[in-house]
1. Amide H to amide H, which residues 5 or more places from THR460 or on other chains are under 5 Å from it, using H placed in the peptide plane?
2. What order do you get for 374-382, 331-339, 103-111 when each peptide is scored by the mean count of other beta carbon atoms within 10 Å, highest first?
3. In whole Hz, what ³J(HN,Hα) sequence does the stretch 479-488 give by Karplus (6.51, -1.76, 1.60; θ = phi - 60°), x for Gly and Pro?
4. Taking θ = phi - 60°, what integer Hz values does the Karplus form 6.51 cos²θ - 1.76 cosθ + 1.60 yield along the stretch 123-134, in sequence order, with x for Gly and Pro?
5. Considering the stretch 210-334, what Rg and Dmax in Å follow from its alpha-carbon atoms?
Amino acid sequence: MTPNRRRLLVPLLLTLAAGACSGVVSLGSEGGSVAGSGSTGGAPGNGSGGGVVFAATTGSSAGAGGATTSTTSTGGSPGTSTSSTGGGAGGDPVVSRSPASSFEYDTSLALGSNGSVFVTWVGVPALQAAFIGYAVSSDGGKTFPVVGTVPTPGGRLADHPTLAVDASDHVYLAWLGYVAGAGGTRTDTHVYVAMAVPGSTTFSTAVEASEPTGFTYANPWVTVTPLGSALVTYQRSGAVDLGIVAARSADLGTTWATQVVATDPHLLNDRDLPYPCPSAISGRIFVTYFSDDPAVGTSVGIGWSDDDGVTWIPPAQSPPVTPNSNLELVPLPPKCVAVESSVRVIFGYTLPPWSPDPSVLTAVPNLSWTDSVNDGTTFDLSNTALIDLTGNDVLANPQLIGDGAGGFDLAYCVVDQGVGSYQWARAPSALSFGNGTSFAPSSTGLVAGVDFDASRTDSTRLGDYTGLAASATTLFTSYVDNSLGASHIRVHVAQLQ
């Protein structure tokens, strides 16, 4: 698949979820929709500082059917009321519903050592720019009494927020800001990061983690290195490269320095969808990414850094993980998790964008895995399937993490036998994960059911990201619930077994 062909297919990927998972996009975000009316005006609370925070003072946001409202605000324009209602989806609390937006999508979640749970999403207001919203729980995800917004500089639209927390409970929020161009294209893109200090529920003014001019950016993802630096990976494209960049901050997000992780100056290789995973034991930071090279085919590349993200091993020294090729399917974003000297990578294929009806396909979607027990030097390429699917099934949005009890947790969206849902499953140890464990839809835990949606711009879209984090005893998942006619963010809490 050539870069030009791939760019033509990316907007079509926006309809992949039409035949799959209610708007979940499995590959790239360049063709994302323009929220609301496509206005480039500021989001609600687009004042100075970190935006608007609504501190709930009555009721509970837990799934008890109640609602909370408040007009308290800090750091932005005067506050407006917000509500968080329970019920539905097994009683998981809604954390996002607010008069500031008509629906929400793209969610990420992070846990603090102090017991706090931070959730973020993209809010879509009527006739205004999409903005970054967030909610905070201090009781283990039972209630989310604080709901706020973070302005995107220049009144730009916002997309793809992610969260990470360091050992001192500094919370980092990274996202993409852009201006809507003709036909929904994204122009004037930037990667921004804001930080909340320990114990705070407000974020600082956004700082740019990308070069201000000369490139187009997509798909940021934030993490914290073993030495405590904030690190954001994202796709960068310009006149001289199509590659992956890592931006690093050693001063709590105040300043950022960028380094190339993987690129091709000949423009033959489209590298995108980066995902970082540091090893707390070895200190090595891995970045997985999708690689589309017409000379050698598609693969999942692995890059790494041994000096806290200052420099990166060139791709030629990092052996690629090559999935089984199948022209009937398109790649899923690769994800990785690093434990001690082992790194595991999940990757796979799902339905192509040009065929929204899964019943007409003979190809079977898959999610496979590979691992390296020598810090990424060599990989087992057996491509063991993790999920059993049929030709009429759809898989999207896989997310993999390691939990505090030594297990591996997987969450994903699936349409199985025509029924859409979020699922999660756990391999309790490294041995079970590497010994033929299958996370089949019939044997995993149900998070929530979802409805079919044929439009990326509709208010029932599911978006591209699902939040996943775990302690030693508990799994937290933030997801988009569209079962009631509009997409809103809920949080599911489950005990690890």
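None of the figures in this text is laboratory data; all of them are computed from the coordinates on show. Just so it is clear, the structure is predicted and the values come from calculations on it, not from any experiment. Please note: Cβ atoms are built from the backbone with ideal geometry, for glycine as well, and neighbour counts cover all protein chains shown.
1. SER487
2. 103-111, 331-339, 374-382
3. Couplings: 8, 9, 9, 10, 6, 9, x, 8, 7, 9 Hz.
4. My calculation for the stretch 123-134 gives x, 10, x, 6, 6, 9, 7, 4, 10, 8, x, 7 Hz in order.
5. Cα radius of gyration and Dmax of the stretch 210-334 are 14.3, 46 Å respectively.
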